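J.: A single structure is presented below for examination.
The values are calculated or read from the model by the stated rules, or taken from the named source; none is laboratory data. It should be emphasised that the depicted structure is a prediction, and the values quoted were computed from it without experimental measurement. Neighbour counts are summed over all protein chains in view; Cβ atoms, including those assigned to glycine, are modelled from backbone coordinates with ideal geometry. When the accessible area is computed, the model is the full protein with side chains, heavy atoms only, and any ligands, DNA or RNA have been set aside. Shrake-Rupley method; radii C 1.70, N 1.55, O 1.52, S 1.80 Å.
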Amino acid sequence: MASDTDVSAFDVFSRQCPSRSTLEHVTGRWGSLTLGALHEERLRFNELRRRVDGVSEKMLSQTLHALERDGLVLREAQPVNPPRVDYELTPFGREVAGQLLGLIHLVEGRMDDVIAARTRYDATRGGR
């Protein structure tokens, strides 16, 4: 296993590198939105599902399992009736989510430019 200072041991551009699957989990639509939502607060499953509008129960469950396996999300089951499960970010998850939120805010802040670029592109290429 690589140490914190030995970053050359992992290369996401290599197909065999295990960091590639973690990057996919983090940057996929549901992974990035889930991490962003959990950056705000600790949430129960259904609260998280409502916050990440459009995600199915199955997809959210798969996303949470992948993020938990990668060490980004902590799942805490409460021994109560009915069962209660809370999700929160690990310190690593908070760090990753902070980086993602920077990108999310950048994109949100530049959407006028994106929409203008799409309009120009569609006008010259026949649109979608």
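J.: Using R₀ = 35 Å, calculate the FRET efficiency as 1/(1 + (r/R₀)^6) where r is the Cβ-Cβ separation of THR124 and GLN99; round to 0.05.
T.: After rounding to 0.05, the efficiency reads 0.50.
J.: Among [x] 1.29; [y] 1.48; [z] 1.16, which is the computed Cα Rg over 2.2 N^0.38 Å?
T.: This structure yields the entry labelled [x].
J.: Can you order the peptides 104-114, 17-27 by their average number of other Cβ atoms within 10 Å per residue, highest first?
T.: Most protected by this proxy first, the peptides run 17-27, 104-114.
J.: Scan around VAL73 for amide H atoms under 5 Å from its own, H built in the peptide plane at 1.01 Å from N, and keep only partners 5 or more places away or cross-chain.
T.: Correct list: GLU68, THR90.
J.: Then there's this: In debye to the nearest 20, how big a dipole does the chain give about its Cα centre with +1 on each Lys and Arg Cβ and -1 on each Asp and Glu Cβ?
T.: Taking the Cα centre of the chain as origin, the dipole is about 580 debye.
J.: To the nearest Å, what is the center-to-center distance of the stretch 25-53 and the stretch 62-128, using C-alpha atoms only?
T.: Measuring centre to centre over Cα atoms gives 6 Å.
J.: Leaving out ligands and nucleic acids, and using a 1.4 Å probe, what accessible area per residue does the chain come to in Å²?
T.: I get 73 Å² per residue for the chain.
J.: State the percentage of accessible surface on the chain attributable to carbon and sulfur atoms; use a 1.4 Å probe and exclude ligands, DNA and RNA.
T.: After summing per-atom areas, the C and S share lands at 52 percent.
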